[in-house]
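First up is the structure itself, then whatever we jot down about it.
The values are calculated or read from the model by the stated rules, or taken from the named source; none is laboratory data. As the structure is a prediction and not an experimental result, all values here were calculated from the model. Here the Cβ positions follow ideal geometry from the backbone for every residue, glycine too, while neighbour counts run over all protein chains shown.
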Amino acid sequence: MKRQIFTLLAGLLCLSGSVAQAAKVDTLSVRSNAMNKNVTVLTVRPDKAVGGEKCPVIYLLHGHGGNAFTWMTIKPDLPQIADREGIIFVCPDGKNSWYWDSPRNKDYRYESFVAKELVEYIDKNFATKADRSGRVITGLSMGGHGGMWLSIRHQDIFGGGGSMSGGLDIRPFPDSWNMKARLGEYASNKEVWDNHTVINQLDRLKDGSLAIIIDCGADDFFLQVNKAAHEALLKRGIGHDFIIRPGAHNPRYWNNAIDYQVLFFKKFFNKSK
């Protein structure tokens, strides 16, 4: 009986120890003055950040039809990754915004929210390495577009940008994914579309100015626009990682792809120490 009690107590002590080391997952409501509303944001903080140690941040963007909870659904072990790598993950609800400041709708100013308001909020309230050397952004599909769009346009804020299955050139898909609700019809607004596609932002880059990783599945409908972005970066002499691996445009692919993105950005963070 004594042995059983001892075993039970030991098990409880181990359990309490593991809980004490668990990453903290929170759902926040962050005010956006740019849009005059609150935005839902999920955060995952490693135990060391909860304890006050400054940690780097990866902003993770969801795809069309997703929300702040998409990444936790795709990658349920995100808290374990946060603890293991010492990285904070921030997952904002970007609606179906494509992470633009829409020229047509003031309720969709998600570039201003993510790149300015949210970053300022996270740095103010969490133990972050509040510098571009400790801050990167990536995402899936629409969020892959967002990761590259925001990092390229805000290199003073983000030291790295990534894309998983991203829509890096939106123009071949003029009637898809609510884009014309944000930019107007393609046929009558071609210049606006040209100015809001990632592939036409690449001239803002210099080699080494941004840590870039782009990956896409071999069976993904965005594969050709990803290849085109890769070729455009090569033509400009911009160093980057580009990966094509087996897979399609689905959660199974992104569950795997995020591991490689975290590895890439962890190496970037370590170089910046």
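The table for this structure:
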{"quantity": "Helices (runs of 4 or more DSSP H) fully within segment 74-162 counting 2 or more residues that are free of Cβ contacts under 8 Å to residues at least 24 places away in the same chain", "calculated": "119-125"}
{"quantity": "Qualifying residue in segment 216-234 (condition: out of contact with any Pro (no Cβ under 7 Å at 6 or more places or on another chain), among the aromatic types (Phe, Trp, Tyr), assigned to a loop (DSSP other than H, G, I, E, B) and closer than 15 Å to Gly144 by Cβ)", "calculated": "yes"}
{"quantity": "Among (1) more than 16 Å from the chain's Cα centre (by Cα); (2) surrounded by fewer than 18 Cβ atoms within 10 Å (Cβ to Cβ); (3) among the aliphatic types (A, V, I, L, M) - the single one Leu263 does not satisfy", "calculated": "(1)"}
{"quantity": "Residues of segment 177-198 that turn out to be at pLDDT 95 or above, within 22 Å of the chain's Cα centre (by Cα) and either in a loop (DSSP other than H, G, I, E, B) or surrounded by fewer than 20 Cβ atoms within 10 Å (Cβ to Cβ) (or both), as a count", "calculated": "3"}
{"quantity": "Which numbered condition Ala22 misses (of (1) over 30 Å from Trp177 (Cα atoms); (2) modelled with pLDDT of 95 or more; (3) small (Gly, Ala, Ser))", "calculated": "(2)"}
{"quantity": "Tally of residues being in contact with a Lys or Arg (Cβ under 6 Å, 6 or more places away or on another chain) and under 15 Å from Leu61 (Cα atoms) across segment 78-97", "calculated": "1"}
